[in-house]
Amino acid sequence: MRIAILDDYQSVALGLADWDSLHAEVHVFTEAFDDEKAVVAALAEYDVVVAMRERTPFASSTLSELPRLRLLVTTGPVNAAIDLDAARRLGVTVCGTGYFSYPTVELTWGLILSAARQIPQQVDSVRRGGWQEGLGTSLRGATLGILGLGRLGTSVAEIGRAFGMRTIAWSQNLTPADAEAKGAAYVSRDELFTHSDVLSIHVVLSQRTRGLVGEHELGLMKPTAILVNTSRGPVVDETALIKALAEKRIASAALDVFDREPLPSDHPLRSLPNAVVTPHIGYVSRDLYEVFYRDAVEDIAAWSAGTPLRVLF
């Protein structure tokens, strides 16, 4: 049995689970693939593939070019980048792993505080031999807007109240009663963007949410507002956001997700001074990675024994 572990950017997978127990040939890929052709060329001789979240897509066209593939394990319980219907049709078993969301909630607040208090700029000043630069913004009494008041959004809102912030929320299926039960005031879509001092995005990427935050929504925001996205890059119109930041029509954006990942080295978001940018690390924590890889090994062992665990269809 040949196993491929994908997108292990930090080269940590082999040290976080007992891969030797599988008595298989295990190969780790530490770099992202450039395109579908590269995926097929690299994985053609593997029976099992372990995918890290949605970093590498497995469309029908990709799966059909991998006739040896029999088991595809994704870290986490869902993966929108895998065509499950195609996998079923081609006889590829797809399994998931355990997951918990609090690392993303914690990173969201790290980004909010970094943008509000200009922490990256201040750290850079000290490293350059300087001292205080600019003025940060306090959060107490400010309005926290939540776009998507599900599990993640609700947790982010709870922490906002601890900072003394007022919380408002909107999403396509949210009702006033649901918002109130979760400690937020329901507002209209336009009101969410108009009144938020900090706007945090927590919706699942779908056809309905792709481009949900565009030029119109950004134009409603205060010039002092902060936009935070730890959801998925395409929820926000990236071109419109870059323009709004460059023209300082909003104060800043704190982003962990992007249209294209890894972010190209010459991408303008890397150099805009009012953008706090992290490399999609919302779920990248040691304790969660231990769950991912431990469960992946369990899935492979169970599949090999004929009793697959955590099958996604």
(message) Here's a check for you: in region 62-80, which residue that is surrounded by 15 or more Cβ atoms within 10 Å (Cβ to Cβ) and within 20 Å of the chain's Cα centre (by Cα) is farthest from PHE292 (Cα to Cα)?
(response) ASN79
(message) So in region 169-204, with the set limited to residues that are in a loop (DSSP other than H, G, I, E, B), of a type in the set (Ser, Thr, Tyr) and within 15 Å of LEU220 (Cα to Cα), which one is farthest from the chain's Cα centre (by Cα)?
(response) SER188
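Does any residue of region 186-208 turn out to be among the β-branched types (Val, Ile, Thr) and in contact with a Pro (Cβ under 9 Å, 6 or more places away or on another chain)?
Just the residues of region 186-208 that are among the β-branched types (Val, Ile, Thr), to begin with: 187, 194, 198, 201, 203-204.
Now narrow it down to the ones that are in contact with a Pro (Cβ under 9 Å, 6 or more places away or on another chain): none.
No, the conditions are met nowhere in region 186-208.
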(request) Output yes when any residue across region 94-115 is crowded, with 20+ Cβ neighbours inside 10 Å, aliphatic (A, V, I, L, M) and closer than 17 Å to TRP303 by Cβ, and no when none is. (result) yes
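Tally up the residues in region 1-46 that are part of a helix (DSSP H, G or I) and either without any contact (Cβ under 8 Å) to a residue 12 or more places away in the chain or closer than 17 Å to TYR293 by Cβ (or both), please.
Within region 1-46, the subset part of a helix (DSSP H, G or I) is 13-15, 19-22, 36-43.
Within this subset, residues satisfying the condition of being either without any contact (Cβ under 8 Å) to a residue 12 or more places away in the chain or closer than 17 Å to TYR293 by Cβ (or both) are 13-15, 19-22, 37-38, 41.
Total satisfying the criteria: 10.
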(message) For the condition hydrophobic (A, V, I, L, M, F, W, C), surrounded by 18 or more Cβ atoms within 10 Å (Cβ to Cβ) and in contact (Cβ under 8 Å) with a residue 60 or more places away in the chain, what is the one hit in LEU174, LEU199, LEU147, LEU192?
(response) LEU147
(request) Give ALA51, ALA86, ALA59 a once-over and let me know the one that is over 27 Å from HIS195 (Cβ atoms), surrounded by fewer than 16 Cβ atoms within 10 Å (Cβ to Cβ), of a type outside the set (D, E, K, R) and not assigned by TED's automatic domain parsing to the domain that holds LEU272. (result) ALA59
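The values are calculated or read from the model by the stated rules, or taken from the named source; none is laboratory data. Since the model is a prediction, treat every value here as computed from it, not as a measurement. Please note: Cβ atoms are built from the backbone with ideal geometry, for glycine as well, and neighbour counts cover all protein chains shown.
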